[in-house]
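Participant: I am attaching a structure below and will ask some questions about it afterwards.
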Amino acid sequence: MFRTDYPSDLSDEQWQIIKGLLPKPARRGRKPIDRREILNAILYVDRTGCQWRALPHDFPKWKSVYNVFWRWRQDGVWQRVHDTLRERVRHSVGKKRTPTAAIIDSQSAKTTEVGGDERGYDAGKKLSGRKRHIAVDTLGLILAVVVHAASCQDYNGAHLVLVQLKEKFKRLKVIFADSAYGRNALPEWVKATFGWVLQTVLRPVGIKGFVILPKRWIVERTFGWLARWRRHSKDYERNPHTSESMIYISMISLMSRRLVAAKS
């Protein structure tokens, strides 16, 4: 069925990049729904922040779209596609597929009344909700993401992110972070456990107001990219793993556009 394009839709070039990374359709059963339209519908939800039930009628039925999203979340498809595209983007700019340096930070986000796990109060930001804890490379591409309760301190939440990094990135040598990660002997634990240097980037003494900190601005820029997707304006999800998948999906769209631009 013909429909008007939405700004969140994949271009033909983006679809050519992504479609080969998706699971193969089942050979038996009823005719599968157009996967490109399924992905466009998921991107529409992520970009506009609308409810699944509020999907425009020119997309496939919302329940079918959500079922595909949920099944691929359970199977780890979103993370695998994301990680493959990240390696390709790094390769396209002349970098090795895995990094030697990373930057870690967290962002607190309010939750809604829908309930769910991993919720708490962030006394520093004075809000109830969750934290998005991410590690990025020097391009700002996400290496690991963990969504946990906002009441969890950064130096505790960092353990969850760093364990993910250890499993996937053997070439890592240094992690940059702000001063909050220098507490509770976290740098010593990182050195003893992983052999990495956790280098805290301190704010210049005596300077008030906004200051661009070396390396730290890279992860802040990544949070800025995610803020363009209205699904991240709050944490609307009942399950924190769904929140993580929505972050991967946002980055899949961003990285596929970069790969198309690199080819042109």
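Participant: Taking loop as defined by DSSP and a crowding limit of 10 other beta carbons within 10 Å, which trypsin sites (Lys or Arg not before Pro) in the stretch 126-155 fit? Could you put the intermediate results ahead of the total?
Facilitator: Numbers: sites: Lys126, Arg130, Lys131, Arg132; in loops: Lys126.
The qualifying sites are Lys126.
Participant: Let me ask something else. Quick check on my link table: of Lys126/Lys191; Lys63/Lys96; Lys24/Lys168; Lys24/Lys173; Lys96/Lys234; Lys95/Lys126, which ones sit more than 29 Å apart, alpha carbon to alpha carbon? Show your work: numbers first, answer last.
Facilitator: Values: Lys126/Lys191 32 Å; Lys63/Lys96 40 Å; Lys24/Lys168 25 Å; Lys24/Lys173 37 Å; Lys96/Lys234 34 Å; Lys95/Lys126 40 Å.
From Lys126/Lys191; Lys63/Lys96; Lys24/Lys168; Lys24/Lys173; Lys96/Lys234; Lys95/Lys126, over 29 Å: Lys126/Lys191; Lys63/Lys96; Lys24/Lys173; Lys96/Lys234; Lys95/Lys126.
Participant: For a quick check, take a GNM of the chain with Cα springs below 10 Å and name the residue from Ala180, Ala144, Ala102 with the largest mean-square fluctuation.
Facilitator: Ala180
Participant: Could you work out the pair-distance distribution P(r) of the stretch 44-94 from its alpha-carbon pairs, with 10 angstrom bin width and percents rounded to whole numbers?
Facilitator: 22, 36, 29, 13, 1
Participant: Can you classify the stretch 55-175 as rounded, prolate or oblate using the Cα gyration tensor, where a ≥ b ≥ c are the square roots of its eigenvalues, rounded means a/c under 1.5, and otherwise it's prolate if a/b beats b/c and oblate if not? Mind dumping the intermediate values first?
Facilitator: Details: a/c = 2.30, a/b = 1.11, b/c = 2.06.
Oblate is the answer for the stretch 55-175, as a/c is 1.5 or above yet b/c matches or exceeds a/b.
Participant: Could you state the angle between the C-alpha long axis of helix 62-74 and the longest principal axis of the C-alpha atoms of the chain, as a value from 0 to 90 degrees rounded to the nearest 10?
Facilitator: 40
Participant: Quote the relative contact order of the stretch 1-82 in percent (integer), defining contacts as alpha-carbon pairs under 8 Å separated by 6+ residues.
Facilitator: Relative contact order for the stretch 1-82 comes out at 31 percent.
Participant: Ok, one more. With each run of n ≥ 4 DSSP H residues scored as -39500 (n - 2.57), what mean residue ellipticity at 222 nm is computed for the chain after dividing by its residue count and rounding to the nearest 500 deg cm²/dmol? Show your work: numbers first, answer last.
Facilitator: Working: 8 runs with 111 residues, N = 264.
Helix-only estimate at 222 nm: -13500 deg cm²/dmol.
Participant: With an 8 Å cut-off on Cα pairs and a minimum separation of 6 or more residues, tell me the relative contact order of the chain in percent.
Facilitator: Details: 385 pairs, mean separation 59.7, N = 264.
Reported as a whole number, the value is 23 percent.
Participant: Scattering from the C-alpha atoms of the stretch 69-136 alone, worked out with Debye: what is log10 I(q)/I(0) at q = 0.15, 0.17, 0.28, 0.29 1/Å?
Facilitator: -0.76, -0.87, -1.14, -1.17
Participant: Shifting gears a bit: Return the label of the correct value of Kirkwood radius over Cα pairs in Å, as calculated from the structure shown, out of (1) 20.3; (2) 18.2; (3) 19.7.
Facilitator: Working out Kirkwood radius over Cα pairs in Å from the coordinates points to (3).
Participant: So, taking all protein chains as they sit and a 1.4 Å probe, how much accessible area belongs to Asp5, in Å² rounded to tens?
Facilitator: Using a 1.4 Å probe on the heavy atoms, I get roughly 130 Å².
Participant: Okay, next question. Rounded if a/c is under 1.5, else prolate if a/b beats b/c, else oblate: with a ≥ b ≥ c from the C-alpha gyration tensor eigenvalues square-rooted, which is the stretch 118-248? Don't jump to the answer; show the numbers that get you there.
Facilitator: Values: a/c = 1.41, a/b = 1.19, b/c = 1.18.
Rounded is the answer for the stretch 118-248, as its axis ratio a/c remains below 1.5.
Participant: While we're here: List the trypsin sites (Lys or Arg not before Pro) within the stretch 1-92 that fall in a DSSP loop (any state other than H, G, I, E or B) and whose Cβ has at most 13 other Cβ atoms within 10 Å.
Facilitator: Values: sites: Arg3, Lys19, Arg27, Arg28, Arg30, Arg35, Arg36, Arg47, Arg53, Lys61, Lys63, Arg71, Arg73, Arg80, Arg86, Arg88, Arg90; in loops: Arg3, Arg27, Arg28, Arg30, Lys61.
Qualifying residues, ordered by number: Arg3, Arg27, Arg28, Arg30, Lys61.
The values are calculated or read from the model by the stated rules, or taken from the named source; none is laboratory data. From a predicted model like this one, the values you see are computed outputs, not experimental measurements. With ideal geometry, Cβ positions are generated from the backbone for all residues, glycine too; neighbour counts draw on all protein chains shown. Note: areas computed on protein heavy atoms with side chains; ligands, DNA, RNA excluded. Shrake-Rupley method; radii C 1.70, N 1.55, O 1.52, S 1.80 Å.
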